[in-house]
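Reading through the structure tokens given below for one structure.
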């Protein structure tokens with residue numbers, strides 16, 4: 001599914017050079033649920049951006065579903081971002097002038113899916129996150145937890161092989177966090193691979209495996225004992 005080997009990421013700004021990732025290696029098998037933890041500035045978000053094909057590696061190798069990502073063209077990378085990867089962000093990233101239904105349809109618009117099929121698949125995704133009664137609302141008209149559920153529906157609408165979730169519960173209270181993690185666990189149970197960045201140990205405990213980072217390196221990688229299952 002995901003294999004990175006000796007990956008480095010260096011950012012340059014004039015004469016200043018910052019090494020965000022220092023030769024890290026990570027293998028994620030299909031169907032895994034991995035939480036990535038570590039202090040601010042440790043490289044978690046850089047890793048997620050590279051895995052999501054939002055940024056390029058400086059050196060090393062990134063294989064996604066058997067494809068060497070570093071050899072792909074811009075159009076090929078855009079296709080992978082749209083079809084292979086579902087993104088869930090802390091800030092939801094919903095378009096405020098669109099309805100909930102239109103927000104979920106958007107990835108399929110970019111993929112060229114016909115309107116009737118877009119509507120059917122978006123409705124199915126919204127039903128999975130229990131928002132069938134909110135399809136005509138706009139993001140400002142629903143709660144934060146509901147907005148994150150919309151973001152999850154948008155992430156799964158193209159049936160991705162992997163979901164990348166960057167602090168998906170960071171802006172949510174405890175009750176809503178449980179609701180969101182239940183949905184993510186259900187998706188994982190259905191076979192979707194999940195990589196989730198979080199700084200909260202109780203949220204990481206919903207995963208099956210924890211990877212810890214520090215100073216651009218992976219310092220620990222272990223299965224979750226006494227996992228929280230909803």
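Residue count for segment 202-230, restricted to those that are part of a loop (DSSP other than H, G, I, E, B) and farther than 16 Å from residue 39 by Cα: 11. What do you reckon, is residue 146 surrounded by 14 or more Cβ atoms within 10 Å (Cβ to Cβ), under 25 Å from residue 197 (Cβ atoms) and at pLDDT 90 or above? Spelling it out, residue 146 is indeed surrounded by 14 or more Cβ atoms within 10 Å (Cβ to Cβ), under 25 Å from residue 197 (Cβ atoms) and at pLDDT 90 or above. So residue 117 fits all but one of (1) over 17 Å from residue 152 (Cα atoms); (2) surrounded by fewer than 13 Cβ atoms within 10 Å (Cβ to Cβ); (3) within 20 Å of the chain's Cα centre (by Cα); what number is the exception? Result: residue 117 fails condition (3) only.
When residues in segment 24-41 are screened for being in a strand (DSSP E or B) and either in contact (Cβ under 8 Å) with a residue 40 or more places away in the chain or buried (at least 21 other Cβ atoms within 10 Å of the Cβ) (or both), 9 of them pass. Screening residue 44 on (1) over 17 Å from residue 158 (Cβ atoms); (2) touching a helix residue (DSSP H, G or I) at 6+ places or on another chain (Cβ under 9 Å); (3) touching a residue at least 40 places away in the same chain (Cβ under 8 Å) shows it passes everything except condition (2).
Within segment 42-67, can you find the residues that are closer than 14 Å to residue 85 by Cβ and in a loop (DSSP other than H, G, I, E, B)? Within segment 42-67, 52, 53, 54, 55, 65 meet the criteria. Taken over segment 214-230, the residue count meeting the criterion of being under 22 Å from residue 49 (Cα atoms) and either touching a helix residue (DSSP H, G or I) at 6+ places or on another chain (Cβ under 6 Å) or surrounded by fewer than 19 Cβ atoms within 10 Å (Cβ to Cβ) (or both) is 6.
The values are calculated or read from the model by the stated rules, or taken from the named source; none is laboratory data. Note that the structure is a prediction, hence the values are computed from the model and not measured. Virtual Cβ from ideal backbone geometry, glycine too; neighbours counted across all protein chains shown.
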